[in-house]
Amino acid sequence: MAGMNSIPFTVAKNEHFFDRLGDYIGDVFYDILPEQGFELRDEQIYMAFQLEQAFKHKKTIFAEAGVGTGKTIVYLLYAICYARYQRKPVIISCADETLIEQLVKEGGDIDKLEKALGLEVDVRLAKARENYLCMKKLDPLSEYTEDEEILDVHDSVPDFVFDQGVSMQSFYPYGDRKDYPWLSDKQWEQIGWDPLKQCATCDFRHRSAQTLHRDYYRHAKDLIICSHDFYMEHVWTKESRIREGQLPLLPEASAVVFDEGHLLEFSAQKGLTYRFNYQNITNVLTGYQGQDVREESLQLAEDIMALHDDWFDYISEIAVRVEGSNRLEIPTDTKMREMAVQLEKMVQELLEQLVFDAELFTMDAYHTKIIEEYLEFFTYGLSIFLKDDEGVYWLEEDGDQSSLVIMPRLVEEVLREEVFQKNIPFIFSSATLSQNGDFSYIAKSLGVDAYDFFSVESPFDYEEVRTIKEHGYSEEAEKYLGIATQLQENEGHSLILFRSEEEMQAFRKWAETQDWSFDFLFEGDKEISEIVREFQFNKSSVLCAYHLWEGLDVPGEALTQVIIASLPYPPDDPVFKAKRKHAKNAYDEIDLPYMELRLKQGIGRLIRTEQDKGIVHIWKKA
């Protein structure tokens, strides 16, 4: 077995790495993998040559390859070898946590390569904060909750988390959402990371799940796998974290692969999003009032909190709920803008006061820094809010919590400067990167000026192994009965894809009144990879989901039917309203391409190997 972090082939002093790499890749695809039962595919050989040029010349390349081309195996081979050659890990950025699990699960592509090639790959996962346990929530909750499953989580927390006298050498990662697959998403919300908690001043900070997992993945030798959202958060916070004396979220990489790269733009927008929770500024300014400061500063802080509360109340009053989304649209309103202008002015004034207070009084330096940074964050977000056509904004409500969300409309300039100016290879991989062979749209939206590209069709004979049927309906009950017939005729073995959670829950409510001869699995009832695993092994079950249009890979008899419950047009929410507003023909430029792409991805869940066959049902409202 090749040693950890050693190149899996020899390079003599008079030889070039890429010459030997080409020979090795040829041996792998022509000899080693076929001997292990892998099928040699011409598409892989072509892709391998194209990717080698991108790695060799440190280029950006759009690698569009259909299902069954083996594109993941190709980029993984190059990524592992290149990481060991450069002695820096390659970052693989995926669309979401589901795709991450597909890569690293037992029997996944990395596992297959390790076994076939005798490799030991050092691959570590870097997940977003939402995937880690928050002890500030779990510990007090355990004192009064009667939920046995949450108490089981508390009992499983390592002793060193509570014992401050234990050496840090005995610490190890814990508290990943995936460690508690039995918890529903609603249960996890009670104990998972919370933006309202002040992580920087937390008693558990150096023993938290988030901190220990970050320390672990930063030492990866070969591959670090993360989501697009997390990669973009790393990009946007890198400089500020360095200024604060913190390490960036991710270490320096030798190359970056964007799997399902067509989804990167939205993650970039999310990464640059400013989220203001109703309580955040009150919490921060209450901490400020607890310091030794001047009376006029205390009064100004009090006035800001009062105006902020009035502003939030007014926004909540005028906001309009958007069907199929947790976002509430905020209409343009003169009073709201005037209040925001006054609020920005007052916060700027308080920032100036903070400088004087820090010099005149013995304010705690660490708390002063936190207050100052949050106020700067707040005013910058407000500045985007107040500029015409630069921001998209909406209100989100979660129980009794409200958040104002402000997102930049365009991100290409920031991406161009912060990401694609780096002199490293960037690989975009997806079955859907171009618009009829044209890659200029995705390149422009991401700020990529120079790039290579190629397209490879799927080798599957879809006409032979896949049937697509369309069905019209006028009432939901009519559709539900039709779906029920399709499920019964197929005896389960089905994936039902919904446009939104609300649509899925409406079907669930109806389905629970019916008698079925197979089990239903619903997204959100357990950790997502556990639900997928159950679906794969309970071969007659039905999986209902609204997030699994891409990334789901379940070959074999467990999935022989995909039912698309309605055409997946984008929600009528503020983000897409802003896109439509700036399009010449909103339907042709925004709605239709989004729907067609998502539909193509959904249909692609059915045929994953040459042995697969089945049927796709698409329901359209008449």
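The values are calculated or read from the model by the stated rules, or taken from the named source; none is laboratory data. Predicted, not measured: the structure shown is a model, and the values here were computed from it. As a convention, Cβ positions derive from the backbone with ideal geometry for all residues, glycine included, and neighbour counts pool all protein chains shown.
Some notes on this structure:
- Lone qualifier among Val392, Val405, Val411, Val456 - being touching a residue at least 40 places away in the same chain (Cβ under 8 Å) and over 22 Å from Lys577 (Cβ atoms): Val456
- Flag if Leu410 is aliphatic (A, V, I, L, M), modelled with pLDDT under 85 and within 25 Å of the chain's Cα centre (by Cα): yes
- Boolean, Leu559 is modelled with pLDDT of 95 or more, part of a loop (DSSP other than H, G, I, E, B) and crowded, with 20+ Cβ neighbours inside 10 Å: yes
- In the set Lys105, Lys88, Lys13, Lys58, only one residue is loosely packed, with under 15 Cβ neighbours inside 10 Å and under 30 Å from Lys270 (Cβ atoms); that residue is Lys58.
- Checked against (1) of a type in the set (Phe, Trp, Tyr); (2) within 30 Å of Tyr75 (Cα to Cα); (3) touching a helix residue (DSSP H, G or I) at 6+ places or on another chain (Cβ under 9 Å); (4) modelled with pLDDT of 90 or more, Trp188 meets all criteria but (2).
- Filter result for Ile80 (buried (at least 22 other Cβ atoms within 10 Å of the Cβ) and touching a Cys at 6+ places or on another chain (Cβ under 7 Å)): no
- Close pairs from the stretch 368-380: first farther than 18 Å from Lys197 by Cβ, partner surrounded by fewer than 17 Cβ atoms within 10 Å (Cβ to Cβ), Cβ under 8 Å, at least 6 apart: Glu372/Leu351; Leu375/Leu351; Glu376/Leu351; Thr379/Gln348; Thr379/Leu351
- Taking first residues from the stretch 36-49 that are assigned by TED's automatic domain parsing to the domain that holds Phe453 and partners that are surrounded by fewer than 16 Cβ atoms within 10 Å (Cβ to Cβ) and among the aliphatic types (A, V, I, L, M), the Cβ contacts under 9 Å between residues at least 6 apart in sequence or on separate chains come to Phe38/Ile32.
- Residue count for the stretch 489-502, restricted to those that are farther than 14 Å from Leu548 by Cα and modelled with pLDDT of 95 or more: 5
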